[in-house]
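The values are calculated or read from the model by the stated rules, or taken from the named source; none is laboratory data. What you see is a predicted model, and the numbers here were worked out from it, not measured in a lab. Just the protein is used for accessible areas: all its heavy atoms, side chains included, with ligands, DNA and RNA removed. Shrake-Rupley method; radii C 1.70, N 1.55, O 1.52, S 1.80 Å.
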Amino acid sequence: DTRGEERIRARYDAIAGREVGEARDESGHGTHIASVLARSAPVTRDGTATSSYKGIAPDAPLIAVKAFGESGEAGFLDIVRGIQWVVEQREALGIRVLNLSFAARPRWPYWEDPVNQALMQAWAAGLFIVAAADNEGREPMTTGSPGNLPYLLTVGAITDSWTEQTRNDDYVPDFS
């Protein structure tokens, strides 16, 4: 349990190209994903419903990398710069997993995509990479980039129908 201790080991603003004291998340998406991943709020011992949920990896240390602006858009260079920084800092900061909670319609074969090229380098450096599948549905060719890269784990969505204790009503939404 972190007991309120700081868990963000470093912050890098890929748009500015420098480490920062605070990487402001204007859109809130990165902060939301970080809470899903690493929230360490207490839950009851018997697992009964509470108003607080633990994250997938509670108490995990975090590295914040900002590559998206207030409008939720990013350029290839900013994303690649952020990935490159993570690769360069992986040993010093103990980075083992890189999470990418964004997707774009693929423009090229996966091996020609500039973001995927940077991610292949990250994978070759030993990082485990997780990416979003996108929200375009289940049809062929709807998995976004970088989720179309076969070197990483691509994840979609699931809903528990607001009944977290009952699994028989869980399903994959149409957009996933």
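Where a ≥ b ≥ c are the square roots of the eigenvalues of the C-alpha gyration tensor, would you call the range 82-141 rounded, which needs a/c under 1.5, or, failing that, prolate if a/b is larger than b/c, or oblate? Prolate is the answer for the range 82-141, as a/c is 1.5 or above and a/b outweighs b/c. Thinking of the range 98-172 as a set of Cα atoms, what percent of all their pairs are more than 19 Å apart? Of the Cα pairs, 41 percent sit more than 19 Å apart. The 3J(HN,Hα) values that the Karplus relation (6.51, -1.76, 1.60; θ = phi - 60°) gives for the range 78-89 are, in residue order, 5, 5, 4, 4, x, 4, 4, 4, 4, 4, 5, 9 Hz. Gly and Pro appear as x.
For Kirkwood radius over Cα pairs in Å, which listed value, (1) 17.6; (2) 20.9; (3) 27.6, comes from the coordinates shown? For Kirkwood radius over Cα pairs in Å, the calculated option is (1). The stretch between ALA92 and VAL130, if pulled fully straight at 0.36 nm per residue, gains 11.6 nm over its current Cα-Cα span. Heavy atoms of the protein chains alone define the surface here; on that basis the chain has 65 Å² accessible area per residue at 1.4 Å probe size.
Computed from phi, the 3J(HN,Hα) profile of the range 151-160 under the Karplus parametrisation 6.51, -1.76, 1.60 (θ = phi - 60°) reads 8, 9, 8, 9, 10, x, 10, 8, 10, 9 Hz, with x in place of Gly and Pro.
Give the carbon-plus-sulfur fraction of the accessible surface of the chain in %, rounded to a whole number; probe 1.4 Å, heavy atoms of protein chains only. Solvent-exposed carbon and sulfur of the chain make up 51 percent of the total.
What shape does the range 63-117 take by its C-alpha gyration tensor, where a ≥ b ≥ c are the square roots of the eigenvalues and a/c under 1.5 counts as rounded, a/b above b/c as prolate, and the rest as oblate? Oblate, because a/c is 1.5 or more while a/b does not exceed b/c. Enumerate the amide H contacts of ALA10 below 5 Å, restricted to partners 5 or more residues apart or on another chain; note that Pro and chain-start residues carry no placed amide H. The list, which skips near neighbours in sequence, is ALA64.
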